[in-house]
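Note sheet for the following structure.
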Amino acid sequence: MEKKLKVAALRNGTVIDHIPSDKLFKVVSILHLDTCLNQITLANNLESAKIGSKGLVKISDRALEEDETNKIALIAPNAKINIIKEYEVVEKRPLVLPDEIREIVQCGNPNCITNHQPVVTRFFVLNEEGVNRLKCRYCEREVRLEEVKIK
Amino acid sequence: MTTKEQNMKNNSLVSISDYSKEEILAILDSAADFEANPNRKTLDGKVIATLFFEPSTRTRLSFETAVIRLGGSIIGFSDAATSSSSKGETLNDTIHMVSCYADAIVMRHPLEGTARYAAEVSPVPIVNAGDGANQHPSQTLLDLYSILKTQGTLENLTICLVGDLKYGRTVHSLIMAMSHFNPTFKFIAPDELKMPDEYKVFCKKNNISFTDVSELTNNFNDADILYMTRVQKERFQDLMEYERVKNVYTLKNSMLENTKSNLRILHPLPRVSEIDPDVDSNEKAYYFRQAQNGLYVRQAIMSKVVLNQKQE
Ligand SMILES: [Zn+2]
């Protein structure tokens with residue numbers, strides 16, 4: 001019943017579902033939805049059998065690009081992304097962490113050159129024993145994915 | 001482009017992990033040649049810039065002596081107050097300006113990651129002479145050279161790392177570099193300054209066996225190398241704790257009684273109180289000669305960095 005309502009409400013666009021409630025506004029921020037002029041519906045603190053409490057974003061008339069949705073992998077790796085056309089799900093977009101993340105992450109090391117000079121941040125994505133870590137290309141510090149600071 | 005490809009393009013040396021096992025061994029070979037004959041003019045007519053955005057007289061003099069012995073000339077500055085960065089110039093601009101004059105740049109900077117960034121934007125090779133707490137590869141190479149010289153090999157050695165293993169960049173780089181040579185490590189540090197997990201993960205991944213202990217006394221009788229580091233007061237929140245740790249981690253001559261005859265003691269210098277002066281006269285004390293080895297290793301580095309450049 002709930003599911004039908006969400007998808008049915010959007011004719012064309014992108015639905016991002018199963019966002020942990022505390023990450024909803026981070027998703028809004030890294031997708032720059034605050035400056036997006038399309039019709040956007042946000043919902044938060046919805047009940048979810050899987051994750052307890054979830055958030056949801058619907059963007060009308062815009063299919064997000066893969067490099068945009070992959071940014072979400074950084075903060076909400078279990079989010080579900082559906083691209084909708086004429087009320088139908090035409091693509092279930094898997095979230096893939098890229099090998100390198102540029103620009104959107106801020107290095108947590110206050111002594112890193114990227115926090116002092118106009119340098120675009122670059123992080124290598126590492127996976128060790130099933131745990132994802134980011135390694136700053138410049139200061140070489142590693143940080144767990146959960147601790148990442150989004151710009 | 002990967003970091004490695006990018007650095008190969010302009011031949012920079014930013015981090016010890018930029019060099020393969022073969023490249024490390026080639027540098028050590030070349031350093032031995034320079035030790036036998038230190039005055040070969042491989043940099044005749046070359047200009048090398050030494051840009052020290054923070055003072056480090058020891059490292060700067062070692063690099064500058066190396067270049068002068070190779071027949072090259074030096075330009076540069078020895079602290080940030082005399083550089084144009086004090087007028088607000090970006091690092092990018094400083095590097096481009098200097099690269100108009102110099103064939104290579106030796107750089108020290110208080111911020112971490114500066115050398116990698118400089119290597120990206122610089123048309124000439126960058127040699128990292130220390131970027132904050134991050135990397136100092138010429139120190140690592142001279143450590144390796146000292147180990148090789150005193151042990152006759154780098155393979156299958158037992159190495160004890162003592163002191164500040166949390167912030168000490170020399171010990172972190174040494175682990176990376178020695179990972180090519182099947183070492184066994186013993187980490188000896190107070191609880192506040194234990195080896196960070198990421199280096200233990202690195203060891204496990206590379207099948208390097210290690211143990212982690214807090215006690216210094218009687219814990220290095222099986223060691224081939226005892227690598228001491230400075231325990232810095234600033235690292236402690238509790239100064240009482242610092243006083244306690246400082247005394248527990250001081251190496252004294254009497255503690256060397258039951259150690260192996262081939263054991264050698266290294267220290268990146270300057271030391272404060274972690275090695276008692278009564279150790280200096282022990283034949284196992286190697287830290288002063290270790291510093292001297294830095295000259296030959298830096299001759300080898302500067303020759304490689306400047307001369308291999310034209311290969312493309
Ligand atoms: Zn960084």
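Since every read-out is calculated from the coordinates, none of them should be taken as a lab result. Since we're looking at a predicted model, the values are computed, not measured. Quick reminder, even Gly has a Cβ in these numbers, built from the backbone with ideal geometry, and neighbours come from all protein chains shown.
What to note about this one:
- Cα extents for the range A:11-151 along the principal axes, largest to smallest and rounded to whole angstrom: 48, 33, 24.
- For the pair A:V131 and B:D29, a Förster radius of 35 Å applied to the C-beta separation gives a FRET efficiency near 0.35, rounded to the nearest 0.05.
- Share of pairwise Cα separations in the range A:13-93, more than 16 Å, in percent: 46
- By other beta-carbon atoms within 10 Å, ranking B:S12, B:S56 with the fewest at the front produces B:S56, B:S12.
- As a rough footprinting exposure proxy, the listed residues B:C160, B:C100 were ranked by other beta carbons within 10 Å of their own, and the order from fewest upward is B:C100, B:C160.
- For the protein assembly as shown, fraction of C-alpha pairs farther apart than 37 Å, in %: 39
- Taking every DSSP beta bridge that has both ends in chain B, the antiparallel portion is near 0%.
- Rg to Rh, two decimals, where chain B supplies the alpha carbon set and Rh follows Kirkwood: 0.97
- 29 Å tail of the calculated P(r), the range B:138-292, as % of Cα pairs: 10
- In the structure shown, the pairs A:K135/B:K186; A:K26/A:K85; B:K205/B:K252; A:K135/B:K194; A:K58/A:K151; B:K194/B:K260 are assessed against 29 Å; a Cα-Cα span above that value is assigned to B:K205/B:K252.
- Using a Förster distance of 30 Å, the FRET efficiency for B:S281-B:A81 (Cβ separation, nearest 0.05): 0.15
- Shown for A:D67, B:D93: other C-beta atoms within 10 Å of each C-beta, ranked fewest to most, produce the order A:D67, B:D93.
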